[in-house]
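The values are calculated or read from the model by the stated rules, or taken from the named source; none is laboratory data. Remember, predicted model here, so these are calculated numbers, not experimental data. Cβ sites come from the backbone with ideal geometry, for glycine too, and all protein chains shown count toward neighbours. Note: accessible area is taken over every heavy atom of the protein model, side chains too, but ligands, DNA and RNA are not part of it. Shrake-Rupley method; radii C 1.70, N 1.55, O 1.52, S 1.80 Å.
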Amino acid sequence: MSGQTNDNVILFPKTVEFYQFELTRLLEAERYGEAMKLLRFLLACQSDDDRAREEWRSLLDWLQVMFPDLALGQEDENEELSEADLLRQHMNAKGEDKGDYAKRLLASLREQRAVDKQLLALDQLAFLEDEGIDEELIGWLKEDTGRHPLIQFKALQTLKKRGATGSVTLHKNGEAAVVEIEDTPAAFDQFPSQIQEIINRVQEISETQHPALSYFAAETWNEFLAFIYGTSAYRQMLRQDSVCVDVWAAALHLTLLEQVFEGGDKAELFELYGITSDLAFQWEQAYRMMQQFAANVFTRRL
(Lines give C-alpha, C1' and ligand atoms only; values in the text may rest on other atoms or scores of the structure.)
Protein backbone atom coordinates (compact mmCIF):
# COMPACT_ATOMS: atom_id res chain seq x y z
CA MET A 1 0.00 0.00 0.00
CA SER A 2 2.99 2.25 -0.48
CA GLY A 3 2.15 3.29 -4.02
CA GLN A 4 4.38 0.69 -5.69
CA THR A 5 2.99 -1.62 -8.34
CA ASN A 6 1.39 -4.75 -6.92
CA ASP A 7 0.81 -6.78 -10.09
CA ASN A 8 3.18 -9.44 -8.75
CA VAL A 9 1.24 -9.75 -5.47
CA ILE A 10 -1.13 -12.72 -5.48
CA LEU A 11 -4.12 -12.73 -3.15
CA PHE A 12 -5.05 -16.21 -1.98
CA PRO A 13 -8.59 -17.03 -0.71
CA LYS A 14 -7.75 -16.57 2.99
CA THR A 15 -5.95 -13.32 2.20
CA VAL A 16 -9.01 -12.04 0.32
CA GLU A 17 -11.17 -12.92 3.32
CA PHE A 18 -8.78 -11.04 5.62
CA TYR A 19 -9.01 -7.89 3.52
CA GLN A 20 -12.80 -8.16 3.36
CA PHE A 21 -12.80 -8.01 7.16
CA GLU A 22 -10.46 -5.02 7.04
CA LEU A 23 -12.70 -3.16 4.60
CA THR A 24 -15.72 -3.74 6.81
CA ARG A 25 -13.78 -2.42 9.81
CA LEU A 26 -12.74 0.75 7.96
CA LEU A 27 -16.29 1.42 6.78
CA GLU A 28 -17.70 0.88 10.28
CA ALA A 29 -15.12 3.34 11.64
CA GLU A 30 -15.99 5.87 8.89
CA ARG A 31 -12.37 5.87 7.69
CA TYR A 32 -13.25 6.27 4.03
CA GLY A 33 -9.92 7.69 2.86
CA GLU A 34 -8.11 4.59 4.17
CA ALA A 35 -10.76 2.33 2.65
CA MET A 36 -10.15 3.88 -0.79
CA LYS A 37 -6.38 3.39 -0.44
CA LEU A 38 -6.89 -0.25 0.52
CA LEU A 39 -9.27 -0.83 -2.41
CA ARG A 40 -6.75 0.63 -4.88
CA PHE A 41 -4.09 -1.65 -3.44
CA LEU A 42 -6.32 -4.73 -3.76
CA LEU A 43 -7.31 -3.93 -7.34
CA ALA A 44 -3.63 -3.68 -8.27
CA CYS A 45 -3.00 -7.22 -6.98
CA GLN A 46 -3.62 -10.53 -8.73
CA SER A 47 -6.59 -12.59 -7.59
CA ASP A 48 -8.72 -15.38 -9.03
CA ASP A 49 -11.74 -14.14 -7.06
CA ASP A 50 -13.57 -12.23 -9.81
CA ARG A 51 -16.59 -11.59 -7.59
CA ALA A 52 -14.44 -9.91 -4.93
CA ARG A 53 -12.69 -7.77 -7.54
CA GLU A 54 -16.03 -6.65 -8.96
CA GLU A 55 -17.24 -5.71 -5.46
CA TRP A 56 -13.99 -3.80 -4.77
CA ARG A 57 -14.28 -1.84 -8.01
CA SER A 58 -17.95 -1.04 -7.36
CA LEU A 59 -17.22 0.06 -3.78
CA LEU A 60 -14.26 2.22 -4.84
CA ASP A 61 -16.35 3.92 -7.53
CA TRP A 62 -19.11 4.57 -5.00
CA LEU A 63 -16.69 6.02 -2.42
CA GLN A 64 -15.03 8.27 -4.99
CA VAL A 65 -18.41 9.68 -6.00
CA MET A 66 -19.60 10.14 -2.42
CA PHE A 67 -16.36 11.64 -1.08
CA PRO A 68 -14.49 13.38 -3.90
CA ASP A 69 -12.31 15.38 -1.50
CA LEU A 70 -11.01 12.19 0.10
CA ALA A 71 -10.62 10.54 -3.30
CA LEU A 72 -8.33 13.34 -4.45
CA GLY A 73 -6.26 13.12 -1.29
CA GLN A 74 -7.42 16.51 -0.05
CA GLU A 75 -7.87 15.12 3.44
CA ASP A 76 -4.14 15.82 3.93
CA GLU A 77 -4.91 19.54 3.61
CA ASN A 78 -7.43 19.25 6.43
CA GLU A 79 -5.37 17.46 9.04
CA GLU A 80 -7.22 19.23 11.86
CA LEU A 81 -10.53 17.85 10.62
CA SER A 82 -11.52 14.24 11.18
CA GLU A 83 -13.15 12.24 8.42
CA ALA A 84 -16.39 12.57 10.38
CA ASP A 85 -16.03 16.36 10.20
CA LEU A 86 -15.36 16.21 6.48
CA LEU A 87 -18.32 13.90 6.01
CA ARG A 88 -20.57 16.27 7.95
CA GLN A 89 -19.46 19.21 5.79
CA HIS A 90 -19.92 17.19 2.62
CA MET A 91 -23.38 15.97 3.63
CA ASN A 92 -24.55 19.42 4.67
CA ALA A 93 -23.48 20.76 1.28
CA LYS A 94 -25.31 17.96 -0.50
CA GLY A 95 -28.38 18.57 1.61
CA GLU A 96 -28.39 22.22 0.64
CA ASP A 97 -27.73 21.58 -3.04
CA LYS A 98 -30.16 18.70 -3.40
CA GLY A 99 -33.19 18.86 -1.15
CA ASP A 100 -34.22 15.31 -2.02
CA TYR A 101 -30.84 13.78 -1.12
CA ALA A 102 -32.09 12.40 2.21
CA LYS A 103 -35.08 10.83 0.45
CA ARG A 104 -32.80 9.20 -2.09
CA LEU A 105 -30.56 7.79 0.64
CA LEU A 106 -33.56 6.40 2.50
CA ALA A 107 -34.86 4.88 -0.72
CA SER A 108 -31.48 3.25 -1.35
CA LEU A 109 -31.66 1.56 2.05
CA ARG A 110 -34.86 -0.18 0.99
CA GLU A 111 -33.62 -1.05 -2.49
CA GLN A 112 -29.96 -1.83 -1.85
CA ARG A 113 -28.98 -5.28 -0.52
CA ALA A 114 -25.18 -4.87 -0.39
CA VAL A 115 -24.10 -4.41 3.23
CA ASP A 116 -21.25 -2.01 2.37
CA LYS A 117 -23.58 0.32 0.44
CA GLN A 118 -26.15 0.30 3.25
CA LEU A 119 -23.42 1.16 5.78
CA LEU A 120 -22.41 4.13 3.65
CA ALA A 121 -25.98 5.36 3.31
CA LEU A 122 -26.48 5.20 7.09
CA ASP A 123 -23.20 7.07 7.67
CA GLN A 124 -24.41 9.89 5.44
CA LEU A 125 -27.87 10.01 7.00
CA ALA A 126 -26.27 10.56 10.41
CA PHE A 127 -25.10 14.01 9.32
CA LEU A 128 -27.96 15.29 7.18
CA GLU A 129 -30.20 17.93 8.73
CA ASP A 130 -33.66 16.68 7.84
CA GLU A 131 -36.35 16.28 10.47
CA GLY A 132 -38.04 13.42 8.64
CA ILE A 133 -35.03 11.09 8.70
CA ASP A 134 -35.52 9.82 12.26
CA GLU A 135 -39.12 8.75 11.71
CA GLU A 136 -38.27 7.09 8.38
CA LEU A 137 -35.30 5.20 9.87
CA ILE A 138 -37.32 3.99 12.85
CA GLY A 139 -40.09 2.78 10.57
CA TRP A 140 -37.54 1.03 8.35
CA LEU A 141 -35.97 -0.67 11.36
CA LYS A 142 -39.31 -2.02 12.55
CA GLU A 143 -39.94 -3.83 9.28
CA ASP A 144 -39.38 -7.57 9.59
CA THR A 145 -37.42 -8.22 6.41
CA GLY A 146 -34.57 -10.45 7.62
CA ARG A 147 -32.20 -7.50 7.62
CA HIS A 148 -28.50 -8.05 8.32
CA PRO A 149 -27.96 -7.55 12.11
CA LEU A 150 -24.91 -5.36 11.46
CA ILE A 151 -27.16 -2.99 9.48
CA GLN A 152 -29.76 -2.98 12.26
CA PHE A 153 -27.09 -2.03 14.79
CA LYS A 154 -25.59 0.62 12.51
CA ALA A 155 -29.04 2.15 12.06
CA LEU A 156 -29.42 2.41 15.84
CA GLN A 157 -26.02 4.13 16.03
CA THR A 158 -27.09 6.51 13.25
CA LEU A 159 -30.24 7.43 15.17
CA LYS A 160 -28.22 7.99 18.34
CA LYS A 161 -25.78 10.28 16.48
CA ARG A 162 -28.78 12.24 15.24
CA GLY A 163 -29.95 12.73 18.83
CA ALA A 164 -33.03 10.51 18.54
CA THR A 165 -34.41 8.83 21.67
CA GLY A 166 -37.06 6.29 22.56
CA SER A 167 -37.56 2.56 22.14
CA VAL A 168 -37.50 0.55 18.92
CA THR A 169 -38.63 -3.04 18.47
CA LEU A 170 -36.32 -5.08 16.25
CA HIS A 171 -37.14 -8.47 14.77
CA LYS A 172 -34.01 -10.59 15.11
CA ASN A 173 -33.03 -14.15 15.96
CA GLY A 174 -36.64 -15.24 16.15
CA GLU A 175 -37.70 -12.71 18.78
CA ALA A 176 -38.86 -9.14 19.13
CA ALA A 177 -36.04 -7.22 20.80
CA VAL A 178 -36.94 -3.88 22.40
CA VAL A 179 -33.98 -1.48 22.54
CA GLU A 180 -33.55 2.11 23.67
CA ILE A 181 -31.88 4.26 21.01
CA GLU A 182 -30.04 6.40 23.57
CA ASP A 183 -28.52 3.30 25.23
CA THR A 184 -26.93 2.04 22.01
CA PRO A 185 -23.11 1.98 22.25
CA ALA A 186 -21.77 4.60 19.82
CA ALA A 187 -18.82 2.30 19.05
CA PHE A 188 -17.93 -1.31 19.79
CA ASP A 189 -15.41 -0.27 22.43
CA GLN A 190 -18.23 1.37 24.38
CA PHE A 191 -20.01 -1.86 25.26
CA PRO A 192 -20.12 -2.71 29.00
CA SER A 193 -16.84 -3.83 30.60
CA GLN A 194 -17.84 -7.49 30.94
CA ILE A 195 -18.40 -7.60 27.17
CA GLN A 196 -14.94 -6.13 26.58
CA GLU A 197 -13.37 -8.71 28.91
CA ILE A 198 -14.57 -11.56 26.71
CA ILE A 199 -12.76 -10.42 23.56
CA ASN A 200 -9.71 -9.42 25.60
CA ARG A 201 -9.55 -12.96 26.99
CA VAL A 202 -9.71 -14.51 23.50
CA GLN A 203 -6.96 -12.24 22.22
CA GLU A 204 -4.81 -12.98 25.27
CA ILE A 205 -5.06 -16.74 24.65
CA SER A 206 -4.79 -16.56 20.86
CA GLU A 207 -1.61 -14.45 20.93
CA THR A 208 0.31 -17.47 22.19
CA GLN A 209 -1.75 -20.39 20.86
CA HIS A 210 -3.16 -19.14 17.52
CA PRO A 211 -1.54 -15.79 16.57
CA ALA A 212 -3.38 -15.45 13.24
CA LEU A 213 -6.72 -15.68 15.00
CA SER A 214 -6.42 -12.48 17.06
CA TYR A 215 -7.51 -10.10 14.27
CA PHE A 216 -10.42 -12.29 13.16
CA ALA A 217 -11.52 -12.58 16.81
CA ALA A 218 -12.05 -8.83 17.21
CA GLU A 219 -13.96 -8.42 13.94
CA THR A 220 -16.11 -11.50 14.51
CA TRP A 221 -16.89 -10.47 18.08
CA ASN A 222 -18.10 -7.07 16.83
CA GLU A 223 -20.40 -8.80 14.35
CA PHE A 224 -21.63 -11.15 17.07
CA LEU A 225 -22.47 -8.22 19.35
CA ALA A 226 -24.48 -6.64 16.52
CA PHE A 227 -26.17 -10.03 15.99
CA ILE A 228 -27.37 -10.44 19.59
CA TYR A 229 -27.67 -6.80 20.71
CA GLY A 230 -30.97 -6.21 22.48
CA THR A 231 -31.98 -9.88 22.52
CA SER A 232 -32.57 -12.13 25.53
CA ALA A 233 -29.15 -13.72 24.93
CA TYR A 234 -27.49 -10.30 25.19
CA ARG A 235 -29.32 -9.47 28.40
CA GLN A 236 -28.35 -12.85 29.84
CA MET A 237 -24.70 -12.21 28.97
CA LEU A 238 -24.81 -8.93 30.91
CA ARG A 239 -26.29 -10.65 33.97
CA GLN A 240 -23.75 -13.49 34.14
CA ASP A 241 -20.92 -13.41 36.66
CA SER A 242 -17.23 -13.05 35.80
CA VAL A 243 -16.59 -16.80 35.48
CA CYS A 244 -18.71 -16.81 32.30
CA VAL A 245 -16.17 -14.57 30.57
CA ASP A 246 -14.14 -17.71 29.90
CA VAL A 247 -17.27 -19.60 28.81
CA TRP A 248 -18.11 -17.09 26.07
CA ALA A 249 -14.45 -16.62 25.15
CA ALA A 250 -13.94 -20.36 24.66
CA ALA A 251 -17.13 -20.60 22.56
CA LEU A 252 -15.97 -17.75 20.32
CA HIS A 253 -12.48 -19.23 20.01
CA LEU A 254 -13.73 -22.66 18.91
CA THR A 255 -16.24 -21.12 16.48
CA LEU A 256 -13.45 -19.11 14.85
CA LEU A 257 -11.19 -22.13 14.55
CA GLU A 258 -14.02 -24.06 12.91
CA GLN A 259 -15.20 -21.32 10.56
CA VAL A 260 -11.94 -19.62 9.57
CA PHE A 261 -9.21 -22.18 10.22
CA GLU A 262 -11.22 -25.35 9.50
CA GLY A 263 -11.03 -27.06 12.85
CA GLY A 264 -10.22 -26.81 16.55
CA ASP A 265 -9.63 -29.01 19.57
CA LYS A 266 -12.47 -28.56 22.06
CA ALA A 267 -10.66 -30.39 24.88
CA GLU A 268 -7.56 -28.24 24.40
CA LEU A 269 -9.63 -25.06 24.56
CA PHE A 270 -11.44 -26.24 27.69
CA GLU A 271 -8.07 -26.66 29.35
CA LEU A 272 -6.78 -23.27 28.15
CA TYR A 273 -9.87 -21.42 29.36
CA GLY A 274 -10.45 -23.46 32.51
CA ILE A 275 -13.87 -24.76 31.47
CA THR A 276 -14.75 -27.35 34.11
CA SER A 277 -17.67 -29.78 34.16
CA ASP A 278 -19.57 -27.25 36.29
CA LEU A 279 -19.39 -24.78 33.38
CA ALA A 280 -20.14 -27.27 30.61
CA PHE A 281 -23.86 -26.43 30.41
CA GLN A 282 -23.22 -22.68 30.19
CA TRP A 283 -20.59 -23.32 27.54
CA GLU A 284 -23.00 -25.41 25.46
CA GLN A 285 -25.53 -22.57 25.57
CA ALA A 286 -22.93 -20.00 24.49
CA TYR A 287 -21.59 -22.30 21.77
CA ARG A 288 -25.08 -22.92 20.34
CA MET A 289 -25.63 -19.17 20.12
CA MET A 290 -22.27 -18.82 18.34
CA GLN A 291 -23.29 -21.54 15.88
CA GLN A 292 -26.57 -19.76 15.17
CA PHE A 293 -24.60 -16.57 14.56
CA ALA A 294 -22.11 -18.33 12.25
CA ALA A 295 -24.91 -19.88 10.19
CA ASN A 296 -26.64 -16.52 9.75
CA VAL A 297 -23.75 -14.09 9.40
CA PHE A 298 -20.59 -15.82 8.13
CA THR A 299 -22.30 -16.47 4.79
CA ARG A 300 -23.58 -12.88 4.48
CA ARG A 301 -20.38 -10.90 4.83
CA LEU A 302 -19.15 -8.48 2.18
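Annotations for the structure displayed:
- Global form of region 189-299, assessed from the alpha-carbon gyration tensor, a/c cut-off 1.5: rounded
- Accessible-area value, Leu238, 1.4 Å probe, nucleic acids and ligands omitted, Å²: 60 Å²
- As a fraction of the 1.4 Å probe accessible area of region 100-173, surface on carbon and sulfur atoms comes out at 43 percent.
- Label-point separation, Arg110 to Val65 (7 Å along Cα→Cβ), nm: 2.0 nm
- Segment Ala212-Glu284, extension gain: residue separation times 0.36 nm, minus the distance between their alpha carbons: 23.4 nm
- Between Lys161 and Arg40, the simple label model (points 7 Å from Cα in the Cβ direction) yields a spacing of 2.4 nm.
- Greater than 29 Å apart at Cα, pairs in Lys142/Lys266; Lys117/Lys266; Lys117/Lys161; Lys103/Lys161; Lys37/Lys266: Lys142/Lys266; Lys117/Lys266; Lys37/Lys266
- The alpha carbon centroids of region 106-182 and region 224-290 are separated by 28 Å.
- Diffusion coefficient, µm² s⁻¹, Stokes-Einstein with Kirkwood Rh over alpha-carbon pairs of region 99-140 at 4 °C and 1.567 mPa s: 126 µm²/s
- Overall form of region 100-173 per C-alpha gyration tensor (a/c, 1.5; a/b vs b/c): oblate
- The simple spin-label model puts a point 7 Å past each Cα toward its Cβ; for Glu268 and Glu22 those points are separated by 2.7 nm.
- Computed over the alpha carbons of region 157-219, Rg followed by Dmax gives 15.7, 44 Å.
- Given their separation in residues at 0.36 nm each and the Cα-Cα distance between them, Glu54 and Val178 gain 40.9 nm when the chain is fully extended.
- Low-density loop positions, GluC sites (Glu not before Pro), region 135-173 - DSSP coil, at most 15 other Cβ in 10 Å: Glu143
- When region 13-73 is reduced to its Cα atoms, the Kirkwood hydrodynamic radius in Å: 11.7 Å
- Taking Trp62, Trp221 and ordering them by how much accessible surface each has at a 1.4 Å probe, largest first, produces Trp62, Trp221.
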